[in-house]
Amino acid sequence: MNLPIRAIGIATTLLWVFLIAFFASAVYSLKDLRFDIGEPHLSVSDGEAFVYIPICVDNKGSYNLSAFNLSTSVKDANGSTLSESSTFLPVIKSGEKTEFLHNLTFNLEDLLSNGEYYLFNDADLLVTASIGVKIAEAIPVRASTNFSLPWGAPFYNFELGEPSIENFNLTHINLIVPLGFENHSFFDVQGEIKVRMYDVSGALIGEGETTVNVPQHSFYTGHVSFCIEAEKMPSNGFFEVYFTTAPIIYGPMVVPYG
Amino acid sequence: MAKEMGGSRNIVFAKKIALRALKAFLKGFLLYIAYFVFWMFIAPIAEFVPSFQQVVENFFIIYVSLVIIGELVSDTVLQHFFNAAKALFVIGYLIISLNGGILNFAYSNVVLTVDLRFFLMAAVLIGLIGLAKCVIQAIEYMNNKAEIGFKA
């Protein structure tokens, strides 16, 4: 009976030593793991904004990392999901440096057409990021965080000024409508802004457009001028503003006057 | 004559106790060295988990105490009680201190979740083997005692 008991004792001791040594070395190898997040790159094309985040994982530890999963989710203030993205790497081998891009895609047309708010108002978007990895291919670890990301409105503080009148000829007048806004967004606003003028009954009085090219984080002041019949000049009514700019197509925005 | 026999019995008993104490001291010392080496490897965790060092220290203090007491009462039935207690303590302490295998830590707004269920399962299984060994040892001890009783 003594021999089997001794055998069990030796086996148990060896198993303990193996388990503790494995756990301790797996933890120890974590100190040689480097994780760097680079400067995000932004680009806009075909109505979509792409955010590329360069990520570098330098695994100088003794064990492979497996099931590396980076997932991000961007939500607006109401909790609606604007973008979700996930990057998965099956294995990061020991001694290997792995660089990859984590891509986030925002459909600007969807975002801006569904939410006029984001065109004209700055906001905070809620970003939830989580990184999961299996250390030594056996110990799953997950780190998650959330933070707010400022959204800059492309037409922040957009306003039409008081129209001024210039005599064009005996029957027509030239109406000049000043407009201005601040482009707080991370992209340039290029295209046309069209303004239509209606009287109080909804009859179209005249229309005009202006071309804008406003770099990110800059102001714009300009005007739209158009010729209308002098006798049709209403004392009150409303303007309809249409934005046909890259990457945003939006309208009409109704601005009363008078 | 009886006095002489009693004196030599005392000397034998004292030698036995001294040997046990020496063995207990050596075991405790080796365990302390093992703890020291183990701690060198897992020290990075303590930077992230403030209570980690306390948890490991408590574990080693109680474990080493049980080892020393078990060694001092060796060759008695109490040794098997302490061995079983040691095995149960390892299982219980790991389950409680590892929170069932899922550990959550929060640093400012980062939440870190470590899933040690695999490690815990392996440790509990090894602990159960150790407990089974203690039970078998206790049965064997009682069996030997009974055999000696019958022979006498």
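A short reminder: the numbers here are calculations on the coordinates, not readings from a lab. Quick caveat, the model's predicted, so the values are computed rather than measured. Note that we place each Cβ from the backbone using ideal geometry, even for glycine, and neighbour counts take in every protein chain shown.
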(message) Please compute the length gained on full extension between A:THR210 and A:LYS97, using 0.36 nm multiplied by the number of residues separating them and subtracting their Cα-Cα distance.
(response) 35.5 nm
(request) Please give, to one decimal in nm, the separation of the simple spin-label points placed at A:CYS56 and B:SER8, each 7 Å out from Cα toward the Cβ. (result) 8.0 nm
(request) Among A:TYR220, A:TYR156, A:TYR28, determine the one that fluctuates most according to a GNM of chain A built with springs between C-alpha atoms less than 10 Å apart. (result) A:TYR28
(message) Which one, B:VAL55, B:VAL114, B:VAL73, has the greatest fluctuation when you compute a Gaussian network model over chain B with C-alpha springs under 10 angstrom?
(response) B:VAL114
(message) Kirkwood hydrodynamic radius, computed over distinct alpha-carbon pairs, for segment A:156-257: how many Å, to one decimal?
(response) 14.1 Å
(request) List the relative contact order of chain A as a percent without decimals, with contacts defined as Cα pairs under 8 Å and 6+ residues apart. (result) 14 percent
(request) Please state, rounded to one decimal and in Å, the Kirkwood hydrodynamic radius that segment B:1-113 gives when every pair of distinct Cα atoms enters the mean of 1/r. (result) 17.0 Å
(request) For helix B:2-48, report the angle its Cα long axis makes with the longest principal axis of the Cα atoms of chain B; keep it between 0 and 90° and round to the nearest 10°. (result) 10 degrees
(message) Given the options B:GLY149, B:PHE25, B:LEU98, identify the residue whose Cα lies farthest towards the positive end of the charge dipole of chain B (+1 on Cβ of Lys, Arg; -1 on Cβ of Asp, Glu).
(response) B:GLY149
(request) Using the structure shown, list the pairs from B:LYS16/B:LYS133; A:LYS31/A:LYS75; A:LYS134/B:LYS133; B:LYS16/B:LYS145 with a Cα-Cα distance above 30 Å, or answer none. (result) A:LYS31/A:LYS75; A:LYS134/B:LYS133
(request) For segment A:77-231, state what percent of all Cα-Cα pairs lands in each successive 5 Å bin, counting from 0 Å until the bin that includes the largest distance. (result) 2, 7, 12, 14, 12, 11, 9, 8, 7, 5, 4, 3, 3, 2, 2, 1, 0, 0
(request) Describe numerically, in nm with one decimal, the distance between label points set 7 Å from Cα along Cα→Cβ at A:LEU149 and at B:ILE148. (result) 7.6 nm
(message) Along the Cα→Cβ direction, 7 angstrom out, place labels at B:VAL55 and A:VAL254. What is the inter-label distance in nm?
(response) 6.2 nm
(message) If you average the alpha carbon positions of segment A:218-258 and of segment B:67-85, how far apart do those two centres end up, in angstrom?
(response) 92 Å
(request) For the protein assembly as shown, just run the numbers: alpha carbon Rg, then divide by 2.2 N^0.38 Å, N being how many residues it has. (result) 1.78
(message) Can you give me the orientation-averaged projected area of the convex hull built on the Cα atoms of segment A:29-150, in nm²?
(response) 8.0 nm²
(request) Give me the lysines in straight-line cross-link reach of A:LYS232: C-alpha distance below 28 Å, same-chain residues under 8 apart excluded. (result) A:LYS194
(request) Compute the long axis of helix A:2-29 from its Cα atoms, compare it with the longest principal axis of the Cα atoms of chain A, and write down the angle in degrees, 0 to 90, nearest 10. (result) 30 degrees
(message) Placing +1 on the Cβ of each Lys and Arg and -1 on the Cβ of each Asp and Glu in the protein assembly as shown, which of B:PHE89, A:PRO54, A:PHE187 has its Cα farthest towards the positive end of the resulting dipole?
(response) B:PHE89
